[in-house]
1. Evaluate the following for residue 223: is it within 18 Å of residue 56 (Cβ to Cβ) and loosely packed, with under 14 Cβ neighbours inside 10 Å?
2. Name the residues in the stretch 107-134 that are crowded, with 17+ Cβ neighbours inside 10 Å, at pLDDT 95 or above and not hydrophobic (A, V, I, L, M, F, W, C), would you?
3. Filter the stretch 173-185 down to residues that are under 25 Å from the mean Cα position of the chain (by Cα) and outside any helix (DSSP H, G or I), then give me how many there are.
4. Are there strands (runs of 3 or more DSSP E) fully within the stretch 78-151 with at least 3 residues that are over 30 Å from residue 240 (Cβ atoms)? List them.
5. Provide a single number: the residues in the stretch 138-185 that are within 28 Å of residue 37 (Cβ to Cβ) and either surrounded by 13 or more Cβ atoms within 10 Å (Cβ to Cβ) or touching a Pro at 6+ places or on another chain (Cβ under 8 Å) (or both).
6. Every residue in the stretch 186-218 that is assigned to a loop (DSSP other than H, G, I, E, B) and surrounded by fewer than 16 Cβ atoms within 10 Å (Cβ to Cβ), please.
7. Do we have any residue at all in the stretch 152-172 that's among the hydroxyl-bearing types (Ser, Thr, Tyr) and outside any helix (DSSP H, G or I)?
8. Show the residue pairs that are 6+ apart or on different chains and have beta-carbon atoms under 9 Å apart, the first residue being within the stretch 87-99 and closer than 17 Å to residue 199 by Cβ, the second being of a type outside the set (A, V, I, L, M, F, W, C) and outside any strand (DSSP E or B).
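The values are calculated or read from the model by the stated rules, or taken from the named source; none is laboratory data. Remember, predicted model here, so these are calculated numbers, not experimental data. For neighbour counting, all protein chains shown are included, and Cβ atoms are generated from backbone atoms with ideal geometry for every residue, glycine included.
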Amino acid sequence: MGIFLIKVAGIPGGPSERKPFWADDVLGFRLMTEAELRRFPQHKFGQALTTVKCECPFYLPWLEKRFKRAGGILKHGHVADLLELCHGYDVVVNCSGLAARALAGDSEVQAVRGQILRVHAPWLKHFIRDSDGHTYIYPGRDSVTIGGTRQEGDWRLAVDPRDTEGILERCHQLEPSLHGSVHLGEVVGLRPGRACPRLERALLETQGRRVPVVHNYGHGGWGVSFSWGTALEALQLVRDSLTNLPLQARL
């Protein structure tokens, strides 16, 4: 599915029009033509490429099935302290997201509030994202996601009508055909923000044992994008931990 990254007006040939560092890592990167940009009269520069949209309501159940087929077991419960997991396990992997603020004592973890709207607009086939990073239109399987907000340090989970109005105003300006869409509802979520994702190994000591803990959290709004790469790094840390486990006295 095509995605257009619309850049705000800039000086021709300036930094905003140079080939981005990631251009060779995506499919079909090119600059948008003048004819394409006529759809966006307030912008004078744009980039086009091909990508995919990962819809978590379908993606996460698929991952869970893969996990179970590989022999994984899910246990539901509440963990108040990582030390609770150190009994009976050789390695603990902490992917607790926002909860790592309390669970790992990490004060760098902050909520980044996001509010989006879902609308029915089946005529939209291309992703559109403005260079401000907060205005985007993402067609999906059953609806179109329009957004959004990125409010650091904001823990509110209630829908804010003012945010809804702002999102509609910005997205209608970017894609006027949205005036004919059917409003389906709003969604609010809290991203696990951190200045830098925490991906490292630590040791917890309990009852004479030193248990490796691999931390992998703090991905902000890029969790799905970063997930496979950081998971592979975390897996290597787990393998290293298992290889270098100290012998435990059994007397």
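1. Considered against the rule, which asks whether it is within 18 Å of residue 56 (Cβ to Cβ) and loosely packed, with under 14 Cβ neighbours inside 10 Å, residue 223 comes out as no.
2. Selection gives 110, 113, 114, 115, 118.
3. 4
4. Working: elements: 92-94, 110-120, 127-130, 136-139, 144-147.
Where strands (runs of 3 or more DSSP E) fall fully within the stretch 78-151 and carry at least 3 residues being over 30 Å from residue 240 (Cβ atoms), they are 110-120, 127-130, 136-139, 144-147.
5. 22
6. Narrowing the stretch 186-218 to residues assigned to a loop (DSSP other than H, G, I, E, B): 194-197, 207-208, 218.
195, 196, 207, 208 - these are the residues of the stretch 186-218 that are assigned to a loop (DSSP other than H, G, I, E, B) and surrounded by fewer than 16 Cβ atoms within 10 Å (Cβ to Cβ).
7. Within the stretch 152-172, the subset among the hydroxyl-bearing types (Ser, Thr, Tyr) is 164.
Filter again for outside any helix (DSSP H, G or I), leaving none.
The answer is no, given that none of the residues of the stretch 152-172 is among the hydroxyl-bearing types (Ser, Thr, Tyr) and outside any helix (DSSP H, G or I).
8. Short answer, once both residue conditions are applied: 91/241; 97/218; 97/219; 97/223.
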